[in-house]
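Remarks on the structure that follows.
The values are calculated or read from the model by the stated rules, or taken from the named source; none is laboratory data. Since we're looking at a predicted model, the values are computed, not measured. Cβ placement follows ideal geometry from the backbone for every residue including glycine, while neighbour counts extend to all protein chains displayed. Heavy atoms of the whole protein, side chains included, go into the accessibility calculation; ligands, DNA and RNA do not. Shrake-Rupley method; radii C 1.70, N 1.55, O 1.52, S 1.80 Å.
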Amino acid sequence: MTDVAVVAFAQSKHVAADPNRNEVEMLMPVVAEALEQAGLEREEIGFVCSGSCDYLLGVPFSFVTALDAIGAWPPIRESHVEQDAAWALYEAWVRLQHGDVDTALVYGFGKSSLGDLHEIMTLQLDPYYLEPLWPDMVSMAALQARAYLDATGKTERDLAEVVVRSRAAAASNPNAIVAGTTTADALLKEQTTIAPLRTSDCPPITDGAAVVILATADRARAISERPAWIRGIDHRIEAHSIGVRDLATSRSTALAAGRAGAADDKVDLAEMHAQFSHEELIVRDALGLDDSATVNPSGGPLAANPVMATGLIRIGEAASRISAGGGDRAVAHASSGPCLQHNLVAVLEGE
Amino acid sequence: MSGRAIEDLNEDGPVTKMHAPIRLEYRIGAGTAQSRFLRGVAEGKLLGQKCPVCSKVYMPPRGSCPIHGVPTEEEVELPDRGTVTTFCVVNIPFSDLAPEVPYVCAQVLLDGADTALFGLIAGMPAREVRMGLRVRAEWAPREEWTYNLGNIKWWEPTGEPDADYDAYKDYI
Ligand SMILES: [Zn+2]
């Protein structure tokens, strides 16, 4: 295996709606910031990979126009995944294993403000049995939340505690949209919107972008004083139909975490792609974290959720904390598909 | 339910079609660069943007140079005349909004631009339209102008000699 590290991470100042800039205008400064952090010129990047979703932007081939933010002449080596950019990072990690290039730039972007995100996500469901019923994303999540509460005996107060901790952590994150001090009592006074979930259990609609730069072995050491080494990375997927899964657990997360070696040593911090409060509890169980790990120190997706970049941001946030000396070992998790169908786990370590 | 055994349902043959109507609505902004362009068009101006690295002028601008991945902030006003780089003659009416056939769609490279605009060619028989033809914009009456490139009804020949192939060969 070739050692690969995260050497730079930049993200946009996320907002609920960024109506003035197109996706290229949103991405360009973030790409420039990441390159500057790494001290690299565009031409030095060996491979580029992006994650985005045309349905979010309502524009076919928006991932191709997004390349205008990168500069693609003379021709570059480039690829794209139509899902969260955490999987673009996975592809870049695989690509770096070939050994012929030593840097990769990964980006994800999304503007959820342009359409109805909750309905857009319906279109990822199977087209015969589920999608024609138009279950929206929050209703699907609420089914999972109910299954989780029933199976574990936990309550809506446990969900509220996740929100309280997330908002408090987000207070120090300049990119957070939802942050601040609150209490479980205050949150529980709100009506449930789709029981057992309240608006506070759901992520904010967010427009934003993020960029991660990866480098191999010596190159990484030359770029960064303290690279965040990817010591393990794995992703696993479950059946698409939620009717054949145990929604109270996340077996694919547990499997990916096992293969990435998440529990092989002490975990200082974990960034989880938990869009809903109950998802954090399910993923936490699946990762096998004990109480000593700091969970979502950035505030997580409940603080800002630029869909298609949110998972990549988990890896970036975890890596930048490692690089800044805020921990020695971190676990980053990303998720895709309805009700945590597809999960990726990366283990990041300092030296 | 009257009820039929599953094996009887198979007698109807396979289901080969189902309808699942999908409709989504979006509110899309033009972006900073294109908004400036459209505001210009509403005043009868064609505003391109220049790359600070390679000096290419993008028309219409999208806010970046796709070659260099940098913002194109310098604005350049271009004349409403240029050269047909390529074209096609449309002989089949496919929309109620389309002009009477035959009509000609073309790429028009404005003088000073490095990307071509899409437009209709009129004021001459379709069979006489050619690459290198020099054209100028025929604008709709001023009171009809809006934030839309439709303010230019079509492009008409200027009567100038055709442009040299070398002048536009890199833009085809
Ligand atoms: Zn340029």
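This table checks each residue for (1) surrounded by fewer than 22 Cβ atoms within 10 Å (Cβ to Cβ); (2) at pLDDT 95 or above; (3) in a helix (DSSP H, G or I).
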| residue | (1), (2), (3) |
| --- | --- |
| A:Cys49 | no, yes, no |
| A:Leu96 | no, yes, yes |
| A:Val101 | yes, yes, no |
| A:Asp150 | yes, yes, yes |
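Picking from A:Ala270, A:Ala274, which residue would you name as being open to solvent by less than 10 Å² (accessible area, probe 1.4 Å) and part of a loop (DSSP other than H, G, I, E, B)?
Step by step, each of A:Ala270, A:Ala274 is checked, and only A:Ala274 is open to solvent by less than 10 Å² (accessible area, probe 1.4 Å) and part of a loop (DSSP other than H, G, I, E, B).
Which number in (1) crowded, with 23+ Cβ neighbours inside 10 Å; (2) in a loop (DSSP other than H, G, I, E, B) marks the one condition that A:Asp246 misses?
It is condition (1) that A:Asp246 fails.
When you go through A:Ser292, A:Ser335, A:Ser320 one by one, which is the residue that is touching a Phe, Trp or Tyr at 6+ places or on another chain (Cβ under 9 Å) and open to solvent by 10 Å² or more (accessible area, probe 1.4 Å)?
Only one candidate qualifies: A:Ser320.
Does region A:127-148 hold any residues that are assigned to a loop (DSSP other than H, G, I, E, B), surrounded by fewer than 18 Cβ atoms within 10 Å (Cβ to Cβ) and in contact (Cβ under 8 Å) with a residue 40 or more places away in the chain, and which are they?
A:Tyr129
For region B:38-53, enumerate the residues that are of a type in the set (A, V, I, L, M, F, W, C) and either under 22 Å from B:Glu144 (Cα atoms) or touching an Asp or Glu at 6+ places or on another chain (Cβ under 9 Å) (or both).
B:Leu38, B:Val41, B:Ala42, B:Leu46, B:Leu47, B:Cys51
Give me the residue from region B:40-86 that is hydrophobic (A, V, I, L, M, F, W, C), part of a strand (DSSP E or B) and more than 16 Å from the ligand (Cβ to nearest atom) and, out of that set, farthest from the other protein chains (Cβ to nearest Cβ).
Filtering first and then ranking leaves B:Val84.
Could you go through region B:92-108 and let me know if any residue there is crowded, with 19+ Cβ neighbours inside 10 Å, touching a helix residue (DSSP H, G or I) at 6+ places or on another chain (Cβ under 6 Å), in contact (Cβ under 8 Å) with a residue 60 or more places away in the chain and not in a loop (DSSP other than H, G, I, E, B).
No, region B:92-108 has no match at all.
Hey, among the residues in region A:65-94 that are assigned to a loop (DSSP other than H, G, I, E, B) and within 17 Å of A:Gly46 (Cα to Cα), which one's most open to solvent (accessible area, probe 1.4 Å)?
A:Trp73
Please tell me if A:Ser62 is more than 11 Å from chain B (Cβ to nearest Cβ), of a type in the set (S, T, N, Q) and in contact with a helix residue (DSSP H, G or I) (Cβ under 7 Å, 6 or more places away or on another chain).
Judged against the criteria, A:Ser62 is not a match.
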